[in-house]
Amino acid sequence: MKELIKKLVEAWGPSGYEHHVREIIRQEVAPFADDIRVDPLGNLICRVGQGGKKIMIAAHMDEIGVMAMYAEKTSGYLRFAPIGGVLNTTLLGTRVRFENGITGVVGAHDYFGTGRTSATDIDNFFIDVNDGTENTVQVGSPAIFWRPFEERGTRLIAKSMDDRIGCVVAIEAMRRLNKQAPNELHFVFTVQEEVGLRGARAAGYGVDPDLAIALDVTSTGDMAKNPKMEVKLGGGAAIKIHDTGHVVPPAVRDWMINRAQTDGIPYQLELLTLGTTDSAAIQTSRAGVPSGAISIPCRFVHTTSETVDTGDVEACVKLLVGLVGNTVSL
Ligand SMILES: [Zn+2]
């Protein structure tokens with residue numbers, strides 16, 4: 001799985017520009033799907049198994065980034081807009097990568113003044129893409145925040161664990177199921193989650209499932225000054241109970257908890273007070289879809305060093321396979 005994780009977290013795919021990620025995933029899952037298609041928005045939809053419940057499993061392919069908005073007339077520095085929930089505190093000195101492979105460096109206006117310690121408005125920042133002679137990037141070009149994948153024991157660190165690690169959980173589940181499932185599964189690798197759950201909303205309507213599960217990272221409460229949150233790194237798969245866009249129906253919650261207990265899979269309960277994920281959009285599509293989420297605990301979400309634990313990733317794969325690989329009586 002490690003090789004696939006590295007390939008996917010280092011892939012380039014800001015919201016709305018997921019084509020490189022989609023190609024990698026399409027090749028990975030080809031042997032394990034009965035049918036693969038891409039919908040008009042760019043969601044990659046892979047069908048596995050038949051009979052039973054029609055279950056949609058969603059993991060988003062996109063990552064946060066920036067878009068070049070305006071080149072300063074004399075300096076050539078690029079002004080930019082965020083793509084998704086960019087944290088201003090992560091910007092100064094960070095590197096962004098454009099699709100043409102050019103690396104830009106983010107500078108701050110008042111670097112020698114208050115900017116050193118107080119990153120505030122995005123207008124304080126600019127991107128240097130000058131190669132010594134000219135600017136190498138056109139206005140309108142999107143970029144990702146760039147940092148290579150690294151490991152530290154069981155911890156995996158990368159720029160886009162959110163949500164490539166969710167994609168990995170889905171791909172690995174497909175591999176283990178090997179086309180055998182007593183349900184009609186639709187593994188959907190969604191677009192544009194970071195800008196408002198847009199891909200999942202369209203795919204939820206198109207697939208029209210009986211039940212849905214989103215796979216995404218969640219924050220943890222185990223940092224130096226914790227938010228009051230139960231989830232911790234290494235504590236197992238996080239079963240979503242509640243977040244800002246989503247109240248998981250008790251029947252879905254209990255289905256997941258019972259499965260984890262029956263299979264002896266370490267799990268924890270996720271109550272997230274900031275953020276939501278694809279299942280929030282799917283649950284309100286058409287006449288409503290009972291939806292839940294399996295979350296991968298992740299430190300430093302929306303930075304270039306999103307950190308997950310391999311034990312948690314394995315627990316999430318096992319839980320997903322146990323849920324969708326057995327008959328569902330919900
Ligand atoms: Zn996410």
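In table form, for the structure just shown:
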item	result
Sequence-separation-based contact order of the chain, relative, with Cα cut under 8 Å and 6+ spacing, percent	23 percent
Members of Lys53/Lys318; Lys2/Lys318; Lys6/Lys240; Lys240/Lys318; Lys2/Lys53 lying beyond 21 Å, as alpha-carbon distances in this model show	Lys6/Lys240; Lys2/Lys53
Linear extension gain, Ala81 paired with Arg286, 0.36 nm per residue minus alpha-carbon span	70.5 nm
Label-zone membership for segment 1-40, site Arg175, 7 angstrom Cα→C-beta point, backbone N under 16 Å	1-10, 24-33
P(r), alpha carbons of segment 254-330 - 10 Å bins starting at zero, rounded %	15, 42, 34, 8, 0
Net charge over other residues, Cβ less than 12 angstrom from the Cβ of Val9 (K, R count +1; D, E count -1)	-2
Antiparallel DSSP beta bridges within segment 212-330, percent to nearest 5	30 percent
Distance from segment 56-115 to segment 171-197 (C-alpha centre basis), Å	30 Å
As computed over segment 14-96, the Cα convex hull volume per residue (Å³)	133 Å³
P(r) weight above 24 Å for the chain, C-alpha pairs, percent	53 percent
Candidates Trp255, Trp146, Trp12: whichever shows maximal mean-square fluctuation once the chain is modelled as a Gaussian network with Cα springs under 10 Å	Trp255
Helix 198-207 vs. the chain, principal-axis angle (Cα, 0 to 90°, nearest 10)	30 degrees
Highest-fluctuation residue, Glu194, Glu184, Glu151 considered, GNM on the chain with Cα pairs under 10 Å	Glu151
Rounded to 5, percent antiparallel among DSSP beta bridges of the chain	65 percent
Compactness of segment 190-292 - radius of gyration and Dmax, Cα, Å	14.1, 43
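Computed from the coordinates by the stated procedures, all read-outs in this text should not be read as laboratory data. Just so we're clear, the structure is a prediction, and the values are computed from it rather than from any experiment. Positions of Cβ are generated from backbone atoms using ideal geometry, with glycine treated the same way; all protein chains shown enter the neighbour counts.
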